[in-house]
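A.B. asks: Submitted below is the structure of interest, expressed as structure tokens.
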């Protein structure tokens, strides 16, 4: 009886801690955003492409249960998670390396590349969290402009490979533009690039529209590395669970650049990932809500004459050139933060997709701002 009571009290304590932590995070964020505390209270944060609906109940329950056993190392759990990921992707656990979000693993791949000396080829703009580390490691990067339609220029990327190129980085769908390349073109690009060097493909957003993944090519191609994450459709950005898919020999190479392979995510986070990985109902809900919320934003942009790119992700890239005021300032005045630029001297901005209610408020704010003197 005492043991059951202890577990019950522990669960209550964990729930209370989770509530107080969320409350503290909200208050802290409000404090950092001076002047944004309007009469309606909270802030709508649309800056980091976070899932506004997660984590799923399946993940939360698994994480709460795991807190009680988090005094133990996670050897069994990371093996279970890699096996579960393998069932999802058509691989085995030897094809998979876990990290604290895919960002940690992008850094590991960058360190591995820098060890070989040479340069990296990547698009501009794209997701560049790994770029500062590459520069500090003495790894120059050749940045290749996107096409006129804001797509990755696959031909130009391939043509910029030289004898010193040790890696090509491709984010598909691309962040911040939300564009995706066709499957046949991607497969040809993989074959061309990996015949010469390593190709690191960031597929953080493929799940939103079932965009083409090149994961099926890793077993026969030691030069292909695919980065994926539980941060987006699974709603676990703060839990920090990501992974790469690669040939087993490549996984061994990458593991040697980690102090402890597969130990990046905590036991609690991995249990959450195991809890949600087969929760297809939640993933479907997230995808449908993302489409609905995005449609509201698109209609608002159309009404205002704002040009935008139809996105295959949880964010939208749009051109503020024809809008009469400063878009970030208009949104901030309405407690909405996140619209920001990724190109020098450009009128294009990216905004994350929130809930239907949040995107309705975005459109209302922009329309009201356009009519005020």
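The values are calculated or read from the model by the stated rules, or taken from the named source; none is laboratory data. All of these numbers come straight from a predicted model, not from anything done at the bench. Glycine also receives a Cβ, built like all others from the backbone with ideal geometry; neighbour counts cover every protein chain displayed.
A.B. asks: Of 235, 242, which residue is at pLDDT 95 or above and either out of contact with any strand residue (DSSP E or B) (no Cβ under 6 Å at 6 or more places or on another chain) or not assigned by TED's automatic domain parsing to the domain that holds residue 112 (or both)? If you could, list the steps in order and put the result at the bottom.
C.D. replies: Numbers: 242 fails: either out of contact with any strand residue (DSSP E or B) (no Cβ under 6 Å at 6 or more places or on another chain) or not assigned by TED's automatic domain parsing to the domain that holds residue 112 (or both).
So the residue among 235, 242 that is at pLDDT 95 or above and either out of contact with any strand residue (DSSP E or B) (no Cβ under 6 Å at 6 or more places or on another chain) or not assigned by TED's automatic domain parsing to the domain that holds residue 112 (or both) is 235.
A.B. asks: Please determine whether any residue of the range 317-324 is buried (at least 19 other Cβ atoms within 10 Å of the Cβ) and within 30 Å of residue 283 (Cβ to Cβ).
C.D. replies: Yes: one or more hits.
A.B. asks: May I ask you to verify whether residue 47 is at pLDDT 95 or above, farther than 21 Å from residue 224 by Cβ and either surrounded by 15 or more Cβ atoms within 10 Å (Cβ to Cβ) or outside the structural domain of residue 266 (by TED's automatic domain parsing) (or both)? Working first, answer last.
C.D. replies: Values: at pLDDT 95 or above: yes; farther than 21 Å from residue 224 by Cβ: yes; either surrounded by 15 or more Cβ atoms within 10 Å (Cβ to Cβ) or outside the structural domain of residue 266 (by TED's automatic domain parsing) (or both): yes.
Yes.
A.B. asks: Now, a different point. Could you grab me the full set of residues in the range 276-298 that are without any contact (Cβ under 8 Å) to a residue 60 or more places away in the chain and assigned to a loop (DSSP other than H, G, I, E, B)?
C.D. replies: Step one: list which residues in the range 276-298 are without any contact (Cβ under 8 Å) to a residue 60 or more places away in the chain, which gives 280-281, 284, 288, 291, 295, 298.
Correct list: empty.
A.B. asks: Scanning for something free of Cβ contacts under 8 Å to residues at least 24 places away in the same chain and over 17 Å from residue 101 (Cβ atoms), does the range 260-275 turn up at least one residue? Let's see the steps before the verdict.
C.D. replies: So the first thing to find is which residues in the range 260-275 are free of Cβ contacts under 8 Å to residues at least 24 places away in the same chain, and the list is 260.
When the remaining residues are screened for being over 17 Å from residue 101 (Cβ atoms), the result is none.
No, the range 260-275 contains no residue that is free of Cβ contacts under 8 Å to residues at least 24 places away in the same chain and over 17 Å from residue 101 (Cβ atoms).
A.B. asks: Oh, and also: Would you check which residues across the range 82-101 are over 21 Å from residue 257 (Cα atoms) and in contact with a strand residue (DSSP E or B) (Cβ under 7 Å, 6 or more places away or on another chain) and list them?
C.D. replies: 85, 86, 89, 91
A.B. asks: Sticking with this one: For residue 128, indicate whether it is surrounded by fewer than 23 Cβ atoms within 10 Å (Cβ to Cβ), in contact (Cβ under 8 Å) with a residue 12 or more places away in the chain and not in a helix (DSSP H, G or I). Show your work before the answer.
C.D. replies: Details: surrounded by fewer than 23 Cβ atoms within 10 Å (Cβ to Cβ): yes; in contact (Cβ under 8 Å) with a residue 12 or more places away in the chain: no; not in a helix (DSSP H, G or I): yes.
For residue 128, the condition - surrounded by fewer than 23 Cβ atoms within 10 Å (Cβ to Cβ), in contact (Cβ under 8 Å) with a residue 12 or more places away in the chain and not in a helix (DSSP H, G or I) - is not met.
A.B. asks: Output the residues belonging to the range 192-213 that are part of a loop (DSSP other than H, G, I, E, B) and either crowded, with 23+ Cβ neighbours inside 10 Å or not assigned by TED's automatic domain parsing to the domain that holds residue 90 (or both).
C.D. replies: First, the residues of the range 192-213 that are part of a loop (DSSP other than H, G, I, E, B): 195-197, 203-205, 209-213.
Once the filter is applied, which keeps residues that are part of a loop (DSSP other than H, G, I, E, B) and either crowded, with 23+ Cβ neighbours inside 10 Å or not assigned by TED's automatic domain parsing to the domain that holds residue 90 (or both), the range 192-213 yields 204, 205.
A.B. asks: Given the structure, is residue 111 at pLDDT below 95 and within 30 Å of residue 280 (Cβ to Cβ)?
C.D. replies: On the way: at pLDDT below 95: yes; within 30 Å of residue 280 (Cβ to Cβ): no.
Considered against the rule, which asks whether it is at pLDDT below 95 and within 30 Å of residue 280 (Cβ to Cβ), residue 111 comes out as no.
A.B. asks: Checking the structure you have, find out if any residue of the range 332-353 is assigned to a helix (DSSP H, G or I), at pLDDT 95 or above and crowded, with 17+ Cβ neighbours inside 10 Å.
C.D. replies: To start, the set of residues in the range 332-353 that are assigned to a helix (DSSP H, G or I) comprises 332.
Now restrict to residues that are at pLDDT 95 or above: 332.
Add one more test, that the residue is crowded, with 17+ Cβ neighbours inside 10 Å, and what stays is 332.
Yes, the conditions are met somewhere in the range 332-353.
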